[in-house]
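Report on the structure given below.
Throughout, read-outs are computed from the coordinates displayed, never taken from laboratory work. All of these numbers come straight from a predicted model, not from anything done at the bench. Virtual Cβ from ideal backbone geometry, glycine too; neighbours counted across all protein chains shown.
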Amino acid sequence: MTVNANVAVSKTENTGDGFFFRYYPAIAPAALRFQEVCRTSSVNPYDLFTIINSDPVLTGITYALYHEFFPETRQDFFGIPYIMIKLNINTVKNNILKAAERAILQQDVGKKIMRTQPDFLRRSLAAGIVSLLLAKRRGAGEADAQKYYCAGLLRDIGSFVLSEGSGAVFNGARGGIGPVDAGRLTAKLWGFPSVIHDVIAFHGDCQHYTGEHSDVVCHTALAVSVSDRWAAAKNNAGFSSQLSAAKELFRRLNLDESIFEGMEESFRAEFKKLAVFTGLEDA
């Protein structure tokens, strides 16, 4: 089934929990790159996928678009390629372009936005890549590996929602909403399954998680721990000392610390490739 590309998209959505987006958001570096890619009438689907899949916000609003057209569909993990095929590429592209135009307009009025958004995107992309590489080391199939990747990419989406320029509107006391609550509301709004909700809520507090997605929650927390260390210093003092604080996660996942050996080089190569392609390296 395909969807007419002329159907209106980017509707204002409300969770019913006192939070909504006035307009679909986008992060400036990805918005600029997306606009550049879409200047020609013939757009490479893989280029569109790569930009969307490298950005937690573009990933989120693409899922939200899917659930606008198919509101009765269960909130499962579909993957961006599935959504692009189901809706058709032009519908997805036009939705992202509307969000990108908003982000580009903000450049002239929000210097703070332009400083903080690339940092958020770097952290998110790094966590997603490490989570994906770790999933593959653990023997995950392609669909599961992408689910782990998405969990890493989106785990801190609440920080973006609370930042200036996100387009988020809170009815009532915004001061009482922290990144975790904002992230959970956003995951609900965008139609992500419960596993993503749980990762957002517990990736920094795994010891108190007792739900059915313990493997993904702990896996993501471990990937974030490693990606933060690798991103902080290219010349590490010692691999084992980096992971000393994550020993409980290794135990819960039944993993040996050696599983990360040789992975940092692959991480850095993949991160650099995506940073160059999406325009993040120049941000």
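Take peptides 22-32, 268-278 and line them up by average Cβ neighbours within 10 Å, highest first, as a rough protection proxy.
Those peptides, ordered most packed to least, come out 22-32, 268-278.
Could you tell me the largest-minus-smallest coordinate of the C-alpha atoms of region 133-201 on each of the three principal axes, in descending order and whole angstroms?
Principal axes ranked by extent give 46, 20, 17 Å for the Cα atoms.
Could you work out how far apart the two model spin labels at N88 and R22 are, taking each label as a point 7 Å from the Cα in the direction of the beta carbon, and quote it in nm?
Label-label distance for N88 and R22, simple model: 3.3 nm.
Equivalent ellipsoid semi-axes for region 108-231, as square roots of 5 times the alpha carbon gyration tensor eigenvalues: give them largest first, rounded to whole Å.
25, 18, 12
How high is the FRET efficiency from K273 to N171, r the C-beta distance, R0 30 Å, rounded to 0.05?
0.10
What are the GluC sites (Glu not before Pro) within region 31-97 that DSSP puts in a loop, where the Cβ has at most 12 other Cβ atoms within 10 Å?
E72
Could you calculate the FRET efficiency of D282 with D47 from 1/(1 + (r/R0)^6), where r is the beta carbon distance between them and R0 is 22 Å, rounded to 0.05?
0.80
Please compute the volume of the convex hull spanned by the alpha-carbon atoms of region 26-88 and report it per residue in Å³.
82 Å³
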